[in-house]
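Okay, so here's the structure we're looking at.
The values are calculated or read from the model by the stated rules, or taken from the named source; none is laboratory data. Here the structure is a predicted model, which is why all the values come from computation and not from measurement. No Cβ is skipped: glycine too gets one built from the backbone with ideal geometry, and neighbour counts run over all protein chains shown. Accessible surface is based on the protein model in full, side chains and every heavy atom, while ligands, DNA and RNA are left aside. Shrake-Rupley method; radii C 1.70, N 1.55, O 1.52, S 1.80 Å.
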Amino acid sequence: MSCIIKPLVTEKMNSVTEKFPNRFGFIVVPEADKLSIKKEVENLYNVTVVDVNTAVYMGKDKSRYTRKGFTQGRANAFKKAIVTLKEGDTIDFYSNI
């Protein structure tokens, strides 16, 4: 079972990676634990993982007023993992574009 959904490539995560060049973010399944995240990142990207930090984000209620009336919805909940690699290791998300 794959626990990584996608790499997290946002402006905020890019600023973290610029400040700490060996930290990368991933969106993972909510049931994933730190050991399974570590194993999968090491297998997928051939790097050595030193530390894994996780955070669970709850879905937020969204609403807006449009021409057709009041529209309500909900943003998805997700789990984020920040992976710290061994000094000198890096992951290139843009290599196959």
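Tabulated results
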{"read-out": "Residue that is surrounded by the fewest Cβ atoms within 10 Å (Cβ to Cβ) [pool: residues in region 46-63 that are polar (S, T, N, Q) and under 23 Å from PHE26 (Cβ atoms)]", "value": "ASN46"}
{"read-out": "Residue pairs meeting the criteria (Cβ under 9 Å; at least 6 apart or on separate chains; first farther than 12 Å from ILE5 by Cβ and open to solvent by less than 30 Å² (accessible area, probe 1.4 Å), in region 20-45; second of a type outside the set (S, T, N, Q) and in a helix (DSSP H, G or I))", "value": "PHE24/MET13; PHE24/VAL16; PHE24/VAL41; PHE24/TYR45"}
{"read-out": "Residues (in a strand (DSSP E or B) and either open to solvent by less than 100 Å² (accessible area, probe 1.4 Å) or in contact with a Cys (Cβ under 9 Å, 6 or more places away or on another chain) (or both)) located in region 64-84", "value": "THR66, GLY69, THR71, GLY73, PHE78, LYS79, LYS80, ALA81, ILE82, VAL83, THR84"}
{"read-out": "For THR66: the one exception among (1) out of contact with any Ser or Thr (no Cβ under 9 Å at 6 or more places or on another chain); (2) in contact (Cβ under 8 Å) with a residue 12 or more places away in the chain", "value": "(2)"}
